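Here is the structure we will look at.
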Amino acid sequence: MTAPDWALLDKHTAGPLLRPGDAAFQESSAAFNERWAHRAPAAVLRAADVADVLRAIDWARDHGVPIVPRGGGHSYAGYSVNSGLVVDLRALDAIAVDPATGRVTVGGGVLTGALYAALRPHGLALPLGNGAGVGVAGLALGGGSAATSRRFGLTADTLRATTLATAAGTVLACDAEQHEDLYWACRGGGGGNFGISLDLTFQAVEAPAAATCLLLWEATHAPEVLTAVQELMLTAPEEASLRLGVARPGGSSGGRTVVSAVGLHLGPAAELRELLAPAFAAAPPLRAELADRAFWDAMDYLKHETGGGAFAVRTHFAARPLPPEALTAALAHLAAAPPSGNEDGCGFALFGWGGAINRVDPAATAFVHRDAHYLVSLDTSWLPGEDPAPHLAHLAELDHLIAPHATGGAYLNFTDPDLRGWRAAYYGANYPRLVATKRRHDPDGLFTFPQSIGS
C-alpha cells in the first residue's frame with residue numbers, strides 16, 4: 001500500500017493539519033487518561049467547519065487510513081486517539097438557544113462548561129455531567145448521567161435530533177421522523193460508531209431552585225453509613241440524587257480513607273436535611289454542608305474534574321443495596337491497596353439511579369440499562385512510570401468482591417478496555433439492532449476502534 005498523501009488532505013482542508021513535532025500536535029492528540037500516553041496518531045486535522053469533516057472522511061476512506069473524531073477527548077479507554085487521523089472538532093463550537101421552545105443546538109465540539117454558560121442566562125437546564133471540559137457529543141452518545149438525571153433523564157433522553165457525517169461522506173439529519181435508526185442508535189450507542197456528530201439538538205427545561213450537600217465521615221463509620229445512605233437512596237424522591245463514595249487517596253495524602261455523600265436536591269435544603277436524617281443518625285459526619293442554592297450555583301458547587309495520571313474503572317448496575325458483607329470486604333481490600341503516587345488513589349462510588357431514567361423502555365433508545373437503582377463505579381489510579389500491574393490486579397479483585405451483588409451491565413461512558421463480554425455489558429439486548437444499523441451506514445467499517453459496534 002502506498003503511503004497516505006497527507007499533503008493532499010492538507011491542501012483541501014481549511015483547518016490546520018498537524019503532524020508529530022508541530023507545536024499544537026500534542027495538545028490535540030494526547031489521551032486524557034495517561035494510561036494511553038504512548039498512543040499517537042499520524043496526524044490531527046483541526047476541522048474548521050463541516051466541509052473539513054467531510055473531506056477528512058472521504059480522504060481517510062480513499063487512503064485506507066483509520067479515522068476517529070475527538071470532541072472533549074475524555075475517553076477513559078483512549079479511543080479518541082488512534083494510529084491514523086484524528087479529527088479535532090473543537091472549532092465546531094456554535095451554540096444556539098431558543099428560549100421560547102427550550103430547544104438547544106450545539107456543534108459537535110462543544111464542551112459541557114460552554115453549554116452551561118450558554119444556558120444560564122435563559123434559565124434553562126439539561127442533564128449534563130459535572131466536568132466542564134467533557135465533550136457534550138460524547139456524553140450524550142454514550143447515555144450521559146448527571147446529578148439531575150433522576151428527575152430529567154439521561155443526556156441522551158433529551159436528544160431530539162443530530163446531524164451525522166457518515167462513512168459515505170454524506171450529511172444526514174436524524175430525528176424521530178428521518179433516519180430513525182441512526183437517531184435511535186445515537187441515544188446511547190456510543191460516539192464514533194456511526195459517523196461524526198456535526199451537531200446535536202436537545203430539549204431543555206426550566207432550571208429549578210436547588211440545594212446541595214456534602215457529608216464526610218471517617219472510615220471507621222463506613223459500614224453503618226454506607227448501609228444507611230444506600231437505603232435512603234433507594235426510596236428518595238426523584239428530585240434528589242446522591243453520589244456515595246469511598247476513597248483511599250494516594251500520593252501525599254497519606255492513604256486516609258474517607259466516606260462521602262455528595263448530592264443535589266431540586267427543592268429546599270430543609271427537605272434535603274430531612275431526607276438525610278438516616279445518614280446523620282448512622283454516624284456523626286466530620287463535615288456537613290447543606291445549602292439552598294440557585295440552580296447554576298449548585299452546578300458550580302458540584303463541578304468535578306477527574307485528576308491527571310493514569311487510571312482504570314470498572315462499572316456495574318445494581319437493583320439493590322450492596323450487602324454489609326460485600327461492603328466490609330471491599331473496605332478491607334481498599335485498606336490493603338498498593339501505594340500509588342497518583343493523588344486520586346483508589347475507591348468506589350454508588351450513583352443514585354432510577355426515576356426518570358427508568359421510565360424509558362429499554363428498547364426505546366440504544367441505552368438499555370433502565371432497571372437499575374445504582375450505578376456502581378470502581379476505580380484505581382497510578383502515575384505514568386509506575387507499574388500498572390498491581391493496581392489493575394487490585395481493581396480486578398475489588399470487582400470480584402462487588403460483581404456478584406450487581407445485576408450485570410456496564411456504563412459505556414466509563415469505558416473499560418479490559419472488560420470481557422463488553423457487547424452484552426454495554427448494550428444488552430439492543431446490540432444486534434446496533435450492529436444492523438452499523439452495517440447499513442458503515443458497511444466497510446471505516447469508523448472502527450477497540451470495542452466499536454460490530455467489531
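The values are calculated or read from the model by the stated rules, or taken from the named source; none is laboratory data. What you are looking at is a predicted structure, and each value in this text was computed from that prediction instead of being measured. All Cβ positions, glycine included, derive from the backbone under ideal geometry; neighbour counts span all protein chains shown. Each accessible area value is taken on the protein alone, full model and side chains, heavy atoms only, with ligands, DNA and RNA left out. Shrake-Rupley method; radii C 1.70, N 1.55, O 1.52, S 1.80 Å.
Please tell me if A125 is among the hydrophobic types (A, V, I, L, M, F, W, C) and open to solvent by 30 Å² or more (accessible area, probe 1.4 Å). Spell out the reasoning first.
Working: among the hydrophobic types (A, V, I, L, M, F, W, C): yes; open to solvent by 30 Å² or more (accessible area, probe 1.4 Å): no.
Spelling it out, it is not the case that A125 is among the hydrophobic types (A, V, I, L, M, F, W, C) and open to solvent by 30 Å² or more (accessible area, probe 1.4 Å).
Exactly one residue among P432, P404 is in a helix (DSSP H, G or I), open to solvent by 40 Å² or more (accessible area, probe 1.4 Å), in contact (Cβ under 8 Å) with a residue 60 or more places away in the chain and over 26 Å from V81 (Cβ atoms), and that residue is P404. Candidates Q178, Q203: the one that is modelled with pLDDT of 95 or more, touching a Lys or Arg at 6+ places or on another chain (Cβ under 8 Å) and surrounded by fewer than 22 Cβ atoms within 10 Å (Cβ to Cβ) is Q203.
Residues checked against (1) touching a strand residue (DSSP E or B) at 6+ places or on another chain (Cβ under 9 Å); (2) surrounded by 15 or more Cβ atoms within 10 Å (Cβ to Cβ); (3) under 19 Å from F311 (Cα atoms):
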| site | (1), (2), (3) |
| --- | --- |
| A363 | no, no, no |
| H373 | yes, yes, no |
| V376 | yes, yes, yes |
| H400 | no, no, yes |
| Y411 | yes, yes, yes |
| D418 | yes, no, yes |
| G428 | yes, yes, no |
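Per-residue answers, yes or no, for (1) surrounded by fewer than 16 Cβ atoms within 10 Å (Cβ to Cβ); (2) of a type outside the set (K, R); (3) touching a residue at least 12 places away in the same chain (Cβ under 8 Å); (4) more than 30 Å from D387 (Cα to Cα):
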{"site": "L18", "(1), (2), (3), (4)": "no, yes, yes, yes"}
{"site": "A24", "(1), (2), (3), (4)": "yes, yes, yes, no"}
{"site": "R35", "(1), (2), (3), (4)": "no, no, yes, no"}
{"site": "V104", "(1), (2), (3), (4)": "no, yes, yes, yes"}
{"site": "L111", "(1), (2), (3), (4)": "no, yes, yes, yes"}
{"site": "L119", "(1), (2), (3), (4)": "no, yes, yes, yes"}
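Looking only at the stretch 251-259, decide whether some residue is in contact (Cβ under 8 Å) with a residue 60 or more places away in the chain and buried (at least 22 other Cβ atoms within 10 Å of the Cβ). Before you say what the answer is, go through the steps one by one.
Keep residues of the stretch 251-259 that are in contact (Cβ under 8 Å) with a residue 60 or more places away in the chain, which gives 251-253, 255, 257.
Narrowing the set further to residues that are buried (at least 22 other Cβ atoms within 10 Å of the Cβ) leaves none.
No, the stretch 251-259 has no match at all.
What about L322, is it at pLDDT 95 or above, in contact with a His (Cβ under 7 Å, 6 or more places away or on another chain) and buried (at least 21 other Cβ atoms within 10 Å of the Cβ)? Quick ask: steps written out before the conclusion?
Values: at pLDDT 95 or above: yes; in contact with a His (Cβ under 7 Å, 6 or more places away or on another chain): yes; buried (at least 21 other Cβ atoms within 10 Å of the Cβ): yes.
Answer is yes for this residue.
Being under 27 Å from Y183 (Cα atoms) and at pLDDT below 95 is a condition met by no residue of the stretch 418-428. P41 meets each of the listed conditions (1) crowded, with 21+ Cβ neighbours inside 10 Å; (2) in contact with a Leu (Cβ under 6 Å, 6 or more places away or on another chain); (3) within 30 Å of D387 (Cβ to Cβ) apart from (2).
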